[in-house]
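Working notes for the structure below.
The values are calculated or read from the model by the stated rules, or taken from the named source; none is laboratory data. This structure is a prediction, so every number in the text was calculated from the model and none was measured. Here Cβ is always computed from backbone atoms with ideal geometry, including for glycine, and neighbour counts include all displayed protein chains. For the accessible areas, the whole protein counts, side chains as well, though only heavy atoms, and no ligand, DNA or RNA atoms are used. Shrake-Rupley method; radii C 1.70, N 1.55, O 1.52, S 1.80 Å.
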Amino acid sequence: MFLKNPKLLFKSSSFRLITWYTVIFIISSLIINIYTYSVISSFIYEQSRDEIYEDLDEMGVLYEEEGLETLKEDVFEDDYESIFHRLIGNEGQTIILRIPEDWDEFNVNKLDVANSLNNKEWISVEGDEQDYEFKSKVLFDGTVLQLGQSMDKRENLLAKIRKVFIFAIIPIVLFAYIGGVFIADRALSPIRQLINTLNSIVSSARIKERAPVAPAADKFSKELITLFNSMLDKIESLINGMKNILDNVAHDLRTPMTRLRGTAEMALQSENNEHELREAISDCIEESERILLTLNTLMDVSEAETGALKLNPERNNIAELIDGVVDLYGYVAEEKKVSLNKIYPAEFFLTIDSNWMRQVLANLLDNAIKYTPPGGKIDIEVVHKGTKAVIKIKDTGIGIPKEELENIWERLYRGDESRTQRGLGLGLSLVKAIVGAHRGYVEVTSEPGSGSIFSIYLPA
Ligand code: ADP
């Protein structure tokens, strides 16, 4: 459904991206907030207790060094008005007591003396309006100094911080959403461009259209668009290749088809006897066979040239392959009194499609025998040249005139001298296309009257 309506796909992908981004952003922000709050609250907690510890220490020293009266004066100083003070004597009697003024509801009796003396930890006391905490310290003479504070101040501060964090959620959600929209827009922009290009190709059937690569686009977008464009290049070249095949086939088959029709028409119009009619039919069959062969070879050449030909490359001993082809043509060469010389090692491995390479070698050997007069010789060599393997087929035949050398690779081209010989003019086009499909190339050097050397270069 989405493929039929790309807009829907985009909408849904963008919605999903925004949602994911927003959710992940909110969750991570919440985690950071909670962590920060817990660090701050424990800091405030410790800070407030540290003050009590310090006061206990300082007052303990003051009492030891300067006596009870000085401690009393110190306890009743204005600075300490928010702190509870109590000095408990050895018999549990209260010696000094200062209760902060705003502790109206606090009942000092709730703070058990015996418990205060024994307890080394903090003692908490719950009140109706506020909660309190107390810490005691045994002084040098066995008396116990007890200080306390309301937990209210601390709780109020933490409540305020909590409020700040809770209110921060609104801008976090807002930022998350805006960020999500921005990210989704950026992430999907190459896909949107591709969809636009696809739409325009589909609606206008213009295969030449390409998605633009924005200079500011990120690496992913550039890669995606470049890949998409090269896929379109490939499709375009395949379509053009097919079109060329069709054009060529139509063009190249026109002459033999006309000839075929001419033969048939002539036979129909004349009042020939049965024997002549039979001959005309057999001419027609021969011509149609030629047409079929031409058609098949043309298709092979075009497929190999456009890269549509499916090769099956494997490691093959090319020496064995050539042996087979030489055996096949040995009889024809012998009949024509042309000698075939094999000049190559018994083993020479190359990665090739053996069926197609056999066809290539057969075409070249067939030509060499065809264009070499009796008494001549043909050498087949295989050598290494740098990173390449070179297969050479040298003949002592009629050679090729300079002005024809460039044309011999064209489809259906036949040299002037060779018209008397059988052939379609497609052998060398197929050789070039197949060797090209193997990522190799072919070369020819020729001396009219002395012979030709056809060399196939293949990656070794
Ligand atoms: P065909 O042999 O059917 O004419 P090819 O495509 O095989 O077609 O060859 C194209 C032309 O190249 C030939 O017509 C001929 O003129 C020339 N040619 C190819 N091989 C040789 C050769 N070994 N010696 C001389 N001419 C050659």
#### Entry: helices (runs of 4 or more DSSP H) fully within segment 354-445 counting 3 or more residues that are within 11 Å of the ligand (Cβ to nearest atom) and of a type outside the set (Ser, Thr, Tyr)
354-370, 427-437
### Candidates Glu274, Glu265, Glu305, filtered to the one that is charged (D, E, K, R), open to solvent by 80 Å² or more (accessible area, probe 1.4 Å) and over 30 Å from Trp356 (Cβ atoms)
Glu274
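Listed here are the residues, each with its yes/no results for (1) modelled with pLDDT of 95 or more; (2) closer than 30 Å to Asp247 by Cα; (3) open to solvent by less than 70 Å² (accessible area, probe 1.4 Å).
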| site | (1), (2), (3) |
| --- | --- |
| Met357 | yes, yes, yes |
| Asp379 | yes, no, yes |
| Lys385 | no, no, no |
| Thr396 | yes, no, yes |
| Glu406 | no, yes, no |
| Leu412 | no, yes, yes |
| Tyr441 | yes, yes, no |
### Task
Those residues that are within 19 Å of Phe134 (Cβ to Cβ), of a type in the set (Asp, Glu) and either in contact with a Leu (Cβ under 9 Å, 6 or more places away or on another chain) or not assigned by TED's automatic domain parsing to the domain that holds Asp141 (or both), I need them from segment 59-94; list them, please.
Asp74
### Message
Here are the criteria: (1) in contact with a Phe, Trp or Tyr (Cβ under 9 Å, 6 or more places away or on another chain); (2) open to solvent by less than 70 Å² (accessible area, probe 1.4 Å); (3) not acidic (Asp, Glu). Tell me which single one Ala214 does not satisfy.
### Response
(1)
### Query
Taking Gly324 and the conditions (1) within 14 Å of the ligand (Cβ to nearest atom); (2) part of a helix (DSSP H, G or I), which numbered condition does it fall short on, given that it satisfies the others?
(1)
### Task
Could you tell me which of the residues Ile235, Ile239, Ile201 is more than 30 Å from Arg411 (Cβ to Cβ) and in a helix (DSSP H, G or I)?
Ile201
